[in-house]
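Read the structure below first, then the notes.
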Amino acid sequence: MAFLAGCALVLAAGSLRAEEDGNFSLRGFGTLGAVRTTTDDVEFVRDLSQARGATDEWTAKTDSVLGLQADWQASPQWLVAVQAISRYSQQRNFQPQLAWAFVKYEPTPNLSLRVGRLGTEFFMLADSRWVGYSFLTVRPPGDYFWYLPFYSIHGGDVALTLPVGEGIVRGKLFYGLSRGSIPLSSEQWDISNSPMAGGYLEYQSGPWQLRGSYANIRFAHDLPLAPVLARKGMVLAAADADFLQAKGTRTHYYSFGVVYDRGPVQAQLMVNHIEQGSRALESSDAAYLLFGYRLGDWTPYLGYSAVRSHRRQLTASAVANYVMADSRSDQDTAFAGVRWDLARNVALKAQWDGVRGSASSLFPYRREDRAKWDGRMNVFSLSLDFVF
């Protein structure tokens, strides 16, 4: 795989540092990952932006990534940033994508404005989901982050930071149009030009960081239900298409997070609620708790996550009921692992995830076999994360 070969060359060259020339800097990050599960009844994905996932054979597609970011500090107030990422995406390849491309203006040290292609910040830590080195775990807990296949918008944001007591308060508001598509069976759900808006309020004091967030998206296009159902021998009637319409509906994302990091102790607690506007998708609640303890270069960790979706009321249409059931999530995941910081800016991780859910929990996965899937599996992961 060309991607893995490129990552290996980066590591072999020992170039894990920023290249700087005056006001220009070039930095990067990457992950060499491998994952397998104990079933081939479903395919395990990192999030809903991936068209295919892992089964009971090892694969490097799910977690591997390579990213580069170039920054040009044109003046003390002006910054131009561009970031490109190569990861396994909805197109089923590692073709590099332009993730960020924005201009940032800071008229004062506590106020910043950005415009261009920006990363999304629906949930706490969501903007760095692919920077594996920044996470204690191999990947962000799926039960909590699966529902965020949105990575960037074309738009702008404004952030304000103020001192309050012994800490600081930071607030941000953003607006823009989404990009790309989301895999749906063998089809793609076009989410481009869907308006997104939101913001967050954060307080940080010493080892504590707390953030409350809200965001919403109004979908500009319908789900491609007719061709997906046709491949299963089902016909989408006009009445069902109208009942399950996604175009023009709005989905709301609410979240709250707490992070504690002092000395050897690292802990995180996150909760969210997603209110789906379309009947084709079930609303959900999710949470996770993570605890790690540093022992020199080693950090063992334990965690637990859960997701529950709200069942839609059944209708007289078997087709509509089938579609609504396809977005159901009902599972708990216990996970444990260890991180070894074996060198400066390089970490090796090993992790086990024990998924225990109902057989009806289908939404987080790909190519599910409804007749065989019982909602239970183990996931084994290895990753080598680095920044340079």
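The values are calculated or read from the model by the stated rules, or taken from the named source; none is laboratory data. Worth saying up front: this structure is predicted, and the values here are computed from it rather than measured. Neighbour counts run over all protein chains shown; Cβ positions are idealised from the backbone, glycine included.
Annotations
- The residue that is surrounded by the most Cβ atoms within 10 Å (Cβ to Cβ), among those in the stretch 344-388 that are within 20 Å of the chain's Cα centre (by Cα) and over 21 Å from Trp58 (Cβ atoms), is Ser361.
- Test result for Leu148, of a type in the set (A, V, I, L, M, F, W, C) and either modelled with pLDDT under 90 or farther than 22 Å from Ala81 by Cα (or both): yes
- Candidates in the stretch 174-197 are the residues that are small (Gly, Ala, Ser) and either more than 30 Å from Arg92 (Cα to Cα) or over 19 Å from the mean Cα position of the chain (by Cα) (or both); of these, the one that is surrounded by the most Cβ atoms within 10 Å (Cβ to Cβ) is Ser185.
- The single condition among (1) modelled with pLDDT of 95 or more; (2) at negative phi that Asn193 does not satisfy is (2).
- Taken together, Gly156, Gly176 contain a single residue that is part of a strand (DSSP E or B) and in contact with a Pro (Cβ under 9 Å, 6 or more places away or on another chain), which is Gly176.
- Contacts under 7 angstrom Cβ, first residue in the stretch 71-90 being acidic (Asp, Glu), partner assigned to a strand (DSSP E or B), 6 or more apart: Asp71/Ser25; Asp71/Leu79; Asp71/Ala81
- When Tyr260, Tyr254 are screened for being hydroxyl-bearing (Ser, Thr, Tyr), more than 20 Å from the chain's Cα centre (by Cα) and over 18 Å from Met324 (Cβ atoms), only Tyr260 passes.
- Flag for Tyr200 being part of a strand (DSSP E or B) and either out of contact with any Pro (no Cβ under 9 Å at 6 or more places or on another chain) or under 25 Å from Glu43 (Cβ atoms) (or both): yes
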